[in-house]
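First comes the structure, then the notes that go with it.
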Amino acid sequence: MGRFLLLLSCTLVSDYLHPWRGTNAQTMFTIRDISISLEPGSDVMRGTNVTVRCQALVSSSGTGPLSREYTIFKDGVTVYTKTTSSSGDLLYRLPDARVSNAGKYKCKINIEGKQVTSEAKKLTVTGLSAPLLHLNNAVVSEGEEVTARCTAPGETGSIIFYFYDDAKEILEDRVNSNQSEVKLRFNTVGIHKMYCTYTVLVTPFFFRSDKSNTVTISVRELSITPVLEISPYSNIYEGDTIDITCTIRDLMPAMHGNVHLYLSRGTQLLSRGDTNVNHSMIALAKDSEEFECRLEMGNVVKVDTKKILVTELFSVPTLSMSPSEVFQRDHMTLSCRSDSFASERLHRDELSYSLDPPESLLLPKSTGVFSGKALLYEFNYTCIAQAKGIRKYSKPLTVIPKVTVSTPRISVVGRAVLGRPIKVLCQSDIGSLPINYTLLKEYEILSTASVKMPFEQALFTVTIHQPDEINKLMCEAKNSPGDPPLSKRLVATVVVPLSHPTLTVIPVLPEIAEGDHLFLICGVKGTPPITFKWYRDGSNNPIFTTTSDKNNTDYQIQALAKGDSGTYYCEAINHANNVVRSAPVTIEVRLALWKKAVIVGFCLLMVSVLVVVIVLCFRSKRGKREAAAELSVKPSSPKSDDSLTVILTHDTEVNNAAPGKVERVDISVWSERPPATANDEESSMVSNEPDVEYTEVVHPQPADPCRAPLKKGTETVYSELQNSPHGADDHHGYGSVEYADLNGEQHEMNHYPVEHSNCQDLPVPVD
């Protein structure tokens, strides 16, 4: 049992690994290889016995034979098939090999549907057998049929045979056998030497044989011949009647029915018959050609030709026109004339001339002369010369009446720009070429142009320096001897290049304020239409573009804002394509009037409030100081010329001091005058200024609960006591001045009534 399972598994694995192994439960096999060989070799000479050997290598498990199907291919086409159970090699024999056996061979084996094909082997066979030519008769009459047979001994395949007569190929025949038989006829009398060759077609090659044996054949001439007769044969003039006959000589009765005659002149067949042809005609100059009498009997063709000379009675007329060029409805003359004629047969007066067609509307003026007016359109004229029944036609004369040029039109090509070259076109609607155009300026010739070809134009280049110069230009056109027509004056718009660009601002610059309606007016000198562009510094793109038919236009900004401030400029361009730019204008948008009024009012209100506060505070301070103490100081030993200075130093601790607190007051008095000397009186006389002494008085200052807390500091009050230079008696005349420096502010220390504080409910300080 184990051995059976092992054998089964090995079989399955073997079948998987070898796809060519059969599935027969009795016999298992595999085709290991198949090969093909050529014996005795792949390159052999014609006539060699060649064997194609097909060898297959097959492995099988059983002892029973396998059915093998072999197939031999030549150039992809099956040439041999054999089924055998033999394990031996398959042999395909090619006895006496020929060129047709050359090609590529393959071998294929098929066992129970499993197939294997070998590689290809190429067989080359060189050499062809010599062809043989045979004729059934060596002596024949012209036109008699001959049978020729060409044979290629031993050759097979597709063969093409060629037959030659005196080295000239006369026939080709393609067959699938090794011989060709054809029928030949010889129309040329004499000795003919014939041979043949053949070609074997082995795709894609041709193999050509050598020449066959040469066979000589003699062709005898038939006694029958055609005869051509023309009467008269010489001294023939146009208009003469000539008789022509075509007959057969030595015609035997047995040939009747097989013979045909043809009479022709050049390519024109005049007549046809079996044994005799007659033809009569009037001789013309064109009949000076070759006549032919042709005899056909089967493949035999015999010809007799003759050429006659016919003298012209008169030459072909020629038609001419005078003048050579004519305009519509102008007078013209046509002359028709034959330059030569046979005076021995014809008098010139016998010649008559006419025009064809008759409706040419030209009347005869004399023999061969016709005159009249030219038509309005193109017309073909033909002259006919006639005498003794002979009519000859001239070559057609085409008369194309010229058309007188129409009044030209003058215009500008493109645009006329002042100061630049412009193109001026002068053209007429109708008129025959050539036409000469002349450009004029106030009848003065500027330039000339000739138009000779259709679609050609007369263009002139001029430069205009003043706009009105363009209206002085005219042109004339001429193609005939008459007076040339003159165009009207040139009417065209002259584009003046732009200049003098300006940018105007409304309202004026100092008055521009927020909310205003701003107009930026750009103006230039030049020809409209004009394209205006407004720019603002900092941007390459215009903020506004418009095209106007006026020399100025505006860009508006409504409800100006501070953000509209900046530098503006404008550009302009017209059809002259020159861009001009205005000078830049800087615009500053000021505050609106109502905003200014609000600010001024607010400032005035703040100033008023501040003044009121300062006045109230000042009055409150001064009232408290005068109520606290008023000091009058005199020196201990007063002198009439002494001055006393009192300095009040007030140390104030205002750090939340209690109301009514009495502070320390230090009084120090000093005199600035030195002791009197003898020169005092002189010095007093020199200076008229009063002597001043300063007394430092330190007095208490009550804290003002109505004021903001102050820093700790010292307030100094200067009182100036002036002594009269002339004594104490005059002291009262000068008055007293008190200087007070309180917290950096100066106040007059005159004796004013004490003002009470607004804080009435506070306790009164006690000394």
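The values are calculated or read from the model by the stated rules, or taken from the named source; none is laboratory data. Since we're looking at a predicted model, the values are computed, not measured. Positions of Cβ are backbone-derived with ideal geometry, glycine not excepted, and every protein chain shown enters the neighbour counts. Quick note on the areas: whole protein, heavy atoms, side chains included, nothing else; ligands and nucleic acids left out. Shrake-Rupley method; radii C 1.70, N 1.55, O 1.52, S 1.80 Å.
Annotations
- Under the condition of being more than 17 Å from Lys392 (Cα to Cα) and either part of a helix (DSSP H, G or I) or touching a strand residue (DSSP E or B) at 6+ places or on another chain (Cβ under 8 Å) (or both), the residues counted in the stretch 346-368 number 7.
- Consider the stretch 101-115 and keep the residues that are touching a Lys or Arg at 6+ places or on another chain (Cβ under 7 Å) and open to solvent by less than 60 Å² (accessible area, probe 1.4 Å). The one that is nearest to Ser85 (Cα to Cα) is Ile111.
- Qualifying positions in the stretch 65-94 - open to solvent by 80 Å² or more (accessible area, probe 1.4 Å) and among the charged types (D, E, K, R): Lys82, Arg93
- Contact map, the stretch 571-585: residues that are within 17 Å of Leu520 (Cα to Cα) paired with residues that are acidic (Asp, Glu) and surrounded by 15 or more Cβ atoms within 10 Å (Cβ to Cβ), Cβ distance under 8 Å, separation 6+ or inter-chain. Pairs shown: Val580/Glu571; Arg581/Glu571; Ser582/Glu571.
- Hits in the stretch 496-530 (condition: open to solvent by 70 Å² or more (accessible area, probe 1.4 Å) and of a type in the set (A, V, I, L, M, F, W, C)): Ile506, Val508, Leu509
- Considering residues of the stretch 215-234 that are free of Cβ contacts under 8 Å to residues at least 60 places away in the same chain and not in a strand (DSSP E or B) only, the residue nearest to Lys286 (Cα to Cα): Pro232
- Screening Ala97 on (1) farther than 25 Å from Val215 by Cα; (2) assigned to a strand (DSSP E or B); (3) open to solvent by less than 60 Å² (accessible area, probe 1.4 Å) shows it passes everything except condition (2).
- Looking only at the stretch 315-343, and only at residues there that are open to solvent by 100 Å² or more (accessible area, probe 1.4 Å) and farther than 16 Å from Val399 by Cα, the one that is modelled with the lowest pLDDT: Asp339
- Selection count where residues are under 10 Å from Phe460 (Cβ atoms) and surrounded by 19 or more Cβ atoms within 10 Å (Cβ to Cβ), scope the stretch 411-425: 2
- Contacts under 7 angstrom Cβ, first residue in the stretch 271-286 being assigned to a strand (DSSP E or B), partner modelled with pLDDT of 85 or more and among the acidic types (Asp, Glu), 6 or more apart: Ser280/Asp243
- Residue count for the stretch 468-478, restricted to those that are open to solvent by less than 20 Å² (accessible area, probe 1.4 Å) and farther than 13 Å from Ala449 by Cβ: 3
- Search result, residues across the stretch 167-204 that are outside any loop (DSSP other than H, G, I, E, B), touching a residue at least 40 places away in the same chain (Cβ under 8 Å) and either open to solvent by 50 Å² or more (accessible area, probe 1.4 Å) or under 21 Å from Arg98 (Cα atoms) (or both): Arg185, Cys196, Thr197, Tyr198, Thr199, Val200, Leu201, Val202
- Search result, residues across the stretch 78-89 that are modelled with pLDDT of 90 or more and either farther than 14 Å from Gln55 by Cα or in contact with a Ser or Thr (Cβ under 7 Å, 6 or more places away or on another chain) (or both): Thr78, Val79, Tyr80, Thr81, Thr83
- Contact map, the stretch 316-329: first residue farther than 23 Å from Gln386 by Cβ, second residue open to solvent by 70 Å² or more (accessible area, probe 1.4 Å) and in a strand (DSSP E or B), Cβ cut-off under 7 Å, separation 6 or more or different chains; pairs are Arg329/Lys373.
- For the stretch 181-201, the set of residues classified as within 25 Å of Ser223 (Cα to Cα) and of a type in the set (Phe, Trp, Tyr) consists of Phe186 only.
- Neighbours by Cβ (under 8 Å, 6+ apart or cross-chain): first from the stretch 399-412, touching a residue at least 60 places away in the same chain (Cβ under 8 Å); second of a type in the set (Gly, Ala, Ser) and surrounded by fewer than 16 Cβ atoms within 10 Å (Cβ to Cβ): Thr404/Gly482
Conditions (1) at pLDDT below 90; (2) farther than 20 Å from Ser322 by Cβ; (3) of a type outside the set (S, T, N, Q); (4) open to solvent by 60 Å² or more (accessible area, probe 1.4 Å), marked per residue:
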| position | (1), (2), (3), (4) |
| --- | --- |
| Arg345 | yes, yes, yes, yes |
| Leu351 | no, yes, yes, no |
| Pro358 | yes, yes, yes, yes |
| Leu363 | yes, no, yes, yes |
| Phe370 | no, no, yes, no |
| Leu376 | yes, no, yes, yes |
| Lys388 | yes, yes, yes, yes |
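- In the stretch 426-446, the residues that are part of a strand (DSSP E or B) and buried (at least 17 other Cβ atoms within 10 Å of the Cβ): Cys426, Gln427, Ile435, Tyr437, Thr438, Leu439, Leu440
- Options Ser129, Ser141, Ser177; residue that is more than 30 Å from Glu296 (Cβ to Cβ), touching a strand residue (DSSP E or B) at 6+ places or on another chain (Cβ under 8 Å) and of a type in the set (Ser, Thr, Tyr): Ser177
- Pairs with Cβ under 7 Å, 6+ apart, first in the stretch 62-86 and within 25 Å of Phe29 (Cα to Cα), second among the acidic types (Asp, Glu) and assigned to a strand (DSSP E or B): Thr83/Glu69
- The set of residues in the stretch 220-269 being aliphatic (A, V, I, L, M) and at pLDDT below 90 consists of Leu222, Ile224, Ile236, Ile248, Leu251, Met252, Ala254, Met255, Val259.
- Phe161 vs. criteria crowded, with 16+ Cβ neighbours inside 10 Å and not in a loop (DSSP other than H, G, I, E, B): yes
The rows are residues; the columns are (1) of a type outside the set (Lys, Arg); (2) at negative phi.
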{"residue": "Gly154", "(1), (2)": "yes, no"}
{"residue": "Lys183", "(1), (2)": "no, yes"}
{"residue": "Ile191", "(1), (2)": "yes, yes"}
{"residue": "Phe207", "(1), (2)": "yes, yes"}
{"residue": "Glu221", "(1), (2)": "yes, yes"}
{"residue": "Glu238", "(1), (2)": "yes, yes"}
{"residue": "Ile244", "(1), (2)": "yes, yes"}
{"residue": "Ile248", "(1), (2)": "yes, yes"}
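- Test set (1) under 29 Å from Val412 (Cα atoms); (2) among the polar types (S, T, N, Q); (3) out of contact with any Ser or Thr (no Cβ under 9 Å at 6 or more places or on another chain) - Thr448 fails condition number: (3)
- Residue in the stretch 520-532 that is outside any loop (DSSP other than H, G, I, E, B), among the small types (Gly, Ala, Ser) and in contact with a Ser or Thr (Cβ under 8 Å, 6 or more places away or on another chain) present: yes
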